[in-house]
Structure formats: C-alpha cells, structure tokens
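The values are calculated or read from the model by the stated rules, or taken from the named source; none is laboratory data. Fair warning: this is a prediction, and the values are worked out from it, not measured in the lab. Every residue, glycine as well, gets a Cβ built from its backbone with ideal geometry; the counts of neighbours run over all protein chains shown.
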Amino acid sequence: MEIKVFGVVGAGQMGNGIAQVAAQSGLEVIMFDISDEACKKGLGVIEKNFSKSVSKGKLTEDEKNKFMAGIKISSDLSSLKDADFVVEAAVEREDLKFKVFKDLDEICRKEIILATNTSSIPIGRIAAQTKRPEKIIGMHFMNPVPVMKLVEIIRGLATDQETFDTTISLIEKFGKTPAESSDFPGFIANRILIPMLNEAVFALYHGVGTKEAIDSAMKLGMNHPMGPLALADLIGLDTCLAIMETLYKGFGDSKYRPCPLLRKYVEAGWLGRKTGRGFYEYN
C-alpha cells in the first residue's frame with residue numbers, strides 16, 4: 001500500500017528526528033506524545049534544525065515552511081488512526097512499549113505496519129502484544145537521526161516479507177541505508193557499542209583513568225570521533241543502562257552486567273546531556 005501519512009509515537013530526541021526525516025521526504029507526519037508541552041518541544045527542535053539547514057543553504061525558507069506545515073502534533077494516541085505506517089520511539093522501557101503496541105493494535109487499521117525504534121528489546125516479544133505479529137518490525141534509527149545514515153531492520157519470527165520490503169523502501173525514501181539484523185537482544189549496533197561504553201564506565205569506576213584520559217585514549221588512540229563516556233552522555237545514561245539490562249537478561253552472561261557506577265548515576269538523575277549532567281557537566 002502507498003504510504004502518505006507517517007505516524008510517530010514520541011516527540012523526544014529520537015521521535016522528533018524520525019518525524020523530521022519523514023517530513024523532509026515528503027510525507028505527512030503525525031507526531032504523538034503524552035502532553036502538549038512535549039509535542040511542542042519536539043516540534044521546536046525540528047524547526048530549529050530546519051532553520052540551521054536554511055542558514056547553511058541546504059534548504060530554502062519555502063522548503064522549510066512546507067516541511068513544517070506537513071507535521072501535525074497530538075497528545076491523543078487515537079489521532080494515529082489515520083496513519084499508513086507508524087513507528088514507536090518511546091523511552092526504552094519494555095512495559096511502556098508493550099502498552100503502546102497493544103493500544104496501537106486497537107487504534108490502527110489492521111493492515112498497517114507498526115514499527116519499533118527499540119534499541120535492544122527483541123521484536124518477537126513486542127509483536128506478541130498484538131494481533132498482527134506479521135506486521136511488526138524493528139526500525140532502529142541512530143542518533144542523531146537527521147545526520148546518521150544507518151537504520152537497523154529487525155524481523156520478528158512472524159514478520160512477513162511484505163512488511164520487510166515496505167520498511168526497506170521507506171528507509172531508502174528517507175535517504176538512509178538499511179542493515180538487517182537477526183532478532184537478538186541489542187541487535188548489531190548496540191550489542192557491540194553499549195558493552196564498550198559500559199566497560200569504559202568500569203575503567204572509570206576502578207580508577208584506571210580519569211574520564212578525560214579514558215575519552216582521549218579512545219579518540220586519539222582508536223580514532224573514535226567521541227570518547228565513550230561523552231558518547232554515553234549523548235545517548236543518555238538511562239538508555240545505556242536499560243540496554244545493558246536487556247542484554248544481561250537476554251543472554252544471562254556476566255559480561256553484560258551493568259557497571260554499578262552507571263546505575264548510581266542513573267539513580268541520581270545524572271542522565272547526561274538531557275539533564276545537564278552525566279559524566280560531564282553541560283550548560
């Protein structure tokens with residue numbers, strides 16, 4: 001089926017980025033979040049990003065206005081009944097995602113694909129919450145969404161070929177590059193990345209080096225664009241912890257045990273850039 005209206009659940013860091021690339025590809029977008037304030041904040045981020053593109057000569061003012069006009073915001077989940085494809089980009093909590101998919105399954109037309117931007121939770125477990133498991137797929141964007149080219153595609157056990165093919169076509173329409181992953185906890189990217197970040201936290205916890213020394217070692221010694229502790233702050237320490245817990249629970253392997261210091265920071269509300277403090281402090 002032709003996709004004209006694209007729904008996004010979540011107007012936060014990932015959700016507004018997904019909404020932005022969908023609007024820029026010419027789709028009508030409905031962006032949902034639980035409050036009007038959250039919706040307006042997400043829309044404001046999108047407008048700011050488009051304005052930067054205008055100032056750099058990558059967009060015209062008319063193009064910016066056209067894309068912004070194509071985005072509608074709503075704090076009523078039932079507004080997604082008109083969507084032809086929906087992607088969920090809520091926080092990385094299994095219970096919350098399960099509820100979202102149960103609700104979307106009742107709201108959306110039965111032929112509509114429901115995708116999840118989960119960064120670690122197995123797709124089969126999410127699909128089992130619905131009466132359309134063949135229409136459930138993982139569509140994991142990288143952060144920041146407008147910049148990063150990769151989107152991981154993850155089929156659940158029941159995901160059918162039409163759902164897979166439609167999702168691949170949509171990702172290519174967004175100007176992104178798909179990479180297919182099997183349905184294991186953490187998929188490809190985060191199964192490799194997040195344990196590395198967790199090990200960097202362990203290095204700090206054990207006093208192997210200061211945060212600056214650890215990040216400099218990886219940037220200058222391994223040619224990484226960001227140090228692992230700074231990257232964890234960018235991702236969100238709560239998200240990093242949630243992924244590590246999913247890996248630990250899913251594989252039952254002690255190598256995925258979250259560092260106690262990571263848990264301590266999250267419990268203190270030091271979540272990284274989004275709260276102004278993580279391993280570093282931000283204005």
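Considering only residues that are part of a helix (DSSP H, G or I) and charged (D, E, K, R), look in the stretch 79-100 and name the one that is surrounded by the most Cβ atoms within 10 Å (Cβ to Cβ). Step through it out loud before you land on a result.
Applying the first criterion (part of a helix (DSSP H, G or I)) to the stretch 79-100 yields 79-82, 94-100.
Then drop every residue that is not charged (D, E, K, R), which leaves 81-82, 94-95, 97, 99.
On the way: Lys81: 16, Asp82: 15, Glu94: 17, Asp95: 7, Lys97: 22, Lys99: 13.
Per the criteria, the residue is Lys97.
If you go through the stretch 109-137 and keep only what is buried (at least 18 other Cβ atoms within 10 Å of the Cβ), in a loop (DSSP other than H, G, I, E, B) and in contact (Cβ under 8 Å) with a residue 40 or more places away in the chain, you end up with Asn117, Ser119, Ser120, Ile121, Pro122.
For the residues Ile18, Ile34, Ile3, the requirement of being surrounded by fewer than 23 Cβ atoms within 10 Å (Cβ to Cβ), in contact with a strand residue (DSSP E or B) (Cβ under 9 Å, 6 or more places away or on another chain) and not in a strand (DSSP E or B) singles out Ile3. Residues that are among the charged types (D, E, K, R), part of a helix (DSSP H, G or I) and under 24 Å from the mean Cα position of the chain (by Cα) within the stretch 56-74 comprise just one, Lys64.
Scan the stretch 231-255 residue by residue and report those that are among the aromatic types (Phe, Trp, Tyr) and more than 17 Å from Glu92 (Cα to Cα). Result: Phe251, single match. So Ser75 clears everything in (1) surrounded by 16 or more Cβ atoms within 10 Å (Cβ to Cβ); (2) small (Gly, Ala, Ser); (3) out of contact with any Gly (no Cβ under 6 Å at 6 or more places or on another chain) except one condition, right? Which one? With respect to (1) surrounded by 16 or more Cβ atoms within 10 Å (Cβ to Cβ); (2) small (Gly, Ala, Ser); (3) out of contact with any Gly (no Cβ under 6 Å at 6 or more places or on another chain), Ser75 is out only on (1).
Of all residues in the stretch 249-266, those that are charged (D, E, K, R) and more than 22 Å from the chain's Cα centre (by Cα) total 4.
Does Ser53 meet the test of being surrounded by 16 or more Cβ atoms within 10 Å (Cβ to Cβ), without any contact (Cβ under 8 Å) to a residue 12 or more places away in the chain and either in a helix (DSSP H, G or I) or not assigned by TED's automatic domain parsing to the domain that holds Met142 (or both)?
Values: surrounded by 16 or more Cβ atoms within 10 Å (Cβ to Cβ): yes; without any contact (Cβ under 8 Å) to a residue 12 or more places away in the chain: yes; either in a helix (DSSP H, G or I) or not assigned by TED's automatic domain parsing to the domain that holds Met142 (or both): yes.
In short, yes.
Yes or no, residue by residue, for (1) crowded, with 23+ Cβ neighbours inside 10 Å; (2) charged (D, E, K, R); (3) on the phi > 0 side of the Ramachandran plot; (4) touching a residue at least 24 places away in the same chain (Cβ under 8 Å):
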site	(1), (2), (3), (4)
Leu241	yes, no, no, yes
Gly272	yes, no, yes, yes
Gly278	yes, no, no, yes
Tyr282	no, no, no, yes
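For Gly175, the conditions (1) under 24 Å from Pro258 (Cβ atoms); (2) in contact (Cβ under 8 Å) with a residue 12 or more places away in the chain; (3) of a type in the set (Gly, Ala, Ser); (4) surrounded by fewer than 23 Cβ atoms within 10 Å (Cβ to Cβ) all hold with the exception of (1).
Applying the selection to the stretch 101-126, what residues are of a type in the set (A, V, I, L, M) and within 15 Å of the chain's Cα centre (by Cα)? Before you say what the answer is, go through the steps one by one.
In the first step, residues of the stretch 101-126 are kept if they are of a type in the set (A, V, I, L, M); the result is 104, 107, 112-115, 121, 123, 126.
Residues satisfying the conditions are Leu114, Ala115, Ile121, Ile123.
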